[in-house]
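Worksheet: the structure to be examined is printed underneath.
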Amino acid sequence: MNRTKTDKAVIRLAILGLATVGGLHAQGSQGCSNMTIFGQYAFTITGQILAPAAVAGPVAGVALTTFDGFGNLTQVDHVTHNGVVPVEAWRPATGTYSVNPDCTGTFTFTPQPTNPADAGPALTVFFVIAQGGAEIRTAVSGSPNTPPFVASLNSTGVRLLNIPSLLAGVY
């Protein structure tokens, strides 16, 4: 009789497991939206500005970007260009983003430094969302504004978990 109860419990667990896996698959097949990348992401930035010659050179840095789930973002970054550190330790920026159902998208931001020496052009960043929104992989090929430039910049952003905020339901 104990074996029958155990067998039934195993069958119930198997059904529950299949239902859970099926639910996860269904959630993944619904695609992405602006809410997929809600929260804070830490980015590592690497690459090179290729042209014009006056600004060509290697780029490296980090950024902390907050996506609000509704298409707006704020960011602070610390980026070196040709080995020159920025005047301002953390340059602020604001912008917008749009996520496509296939988990690709773009975000555009405009730096808003307090020191004009750290000014820079608005950038349009192309991205792919990975790991169910836990990671964002980006590419920048240039600036849509004046002065235009050509670049090969890449970054990977990882979602930061803020456990107290998650428990409170606020990010």
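The values are calculated or read from the model by the stated rules, or taken from the named source; none is laboratory data. Because the structure is predicted, anything quoted here is derived from the model rather than measured. Every residue, glycine as well, gets a Cβ built from its backbone with ideal geometry; the counts of neighbours run over all protein chains shown.
Sub-7 Å Cβ pairs linking a first residue in the stretch 32-56 that is in contact (Cβ under 8 Å) with a residue 40 or more places away in the chain to a second residue that is assigned to a helix (DSSP H, G or I), at least 6 apart or interchain, are Thr36/Gly133; Ile37/Gly133; Ile49/Val55, ordered by first then second residue. If only residues of the stretch 74-84 that are within 12 Å of Ala63 (Cα to Cα) and in contact (Cβ under 8 Å) with a residue 24 or more places away in the chain are counted, the one that is farthest from the chain's Cα centre (by Cα) is Val79. The residues of the stretch 85-103 that are touching a residue at least 40 places away in the same chain (Cβ under 8 Å) and out of contact with any Leu (no Cβ under 6 Å at 6 or more places or on another chain), listed by number, are Ser98, Val99, Asn100, Pro101, Asp102, Cys103.
Set side by side, the residues Ser155, Ser98 differ, and just one is touching a strand residue (DSSP E or B) at 6+ places or on another chain (Cβ under 9 Å), among the small types (Gly, Ala, Ser) and within 22 Å of Ala56 (Cα to Cα), which is Ser155. Can we say Phe149 is in contact with a Ser or Thr (Cβ under 6 Å, 6 or more places away or on another chain) and more than 17 Å from Leu73 (Cβ to Cβ)? In short, yes.
Quick check on Pro86: is it in contact with an Asp or Glu (Cβ under 6 Å, 6 or more places away or on another chain), of a type outside the set (Asp, Glu), at pLDDT below 95 and surrounded by 18 or more Cβ atoms within 10 Å (Cβ to Cβ)? Here the answer is yes, as Pro86 does meet what is asked.
For the stretch 131-147, residues that are in contact with a strand residue (DSSP E or B) (Cβ under 7 Å, 6 or more places away or on another chain) and free of Cβ contacts under 8 Å to residues at least 24 places away in the same chain total 5. Of the residues examined, Gly71 is not one that is small (Gly, Ala, Ser), touching a Leu at 6+ places or on another chain (Cβ under 6 Å) and modelled with pLDDT of 95 or more. Over 22 Å from Pro148 (Cβ atoms), in a strand (DSSP E or B) and under 14 Å from the mean Cα position of the chain (by Cα): which single residue out of Thr106, Thr96, Thr36, Thr65 fits that description? Answer to the check: Thr65.
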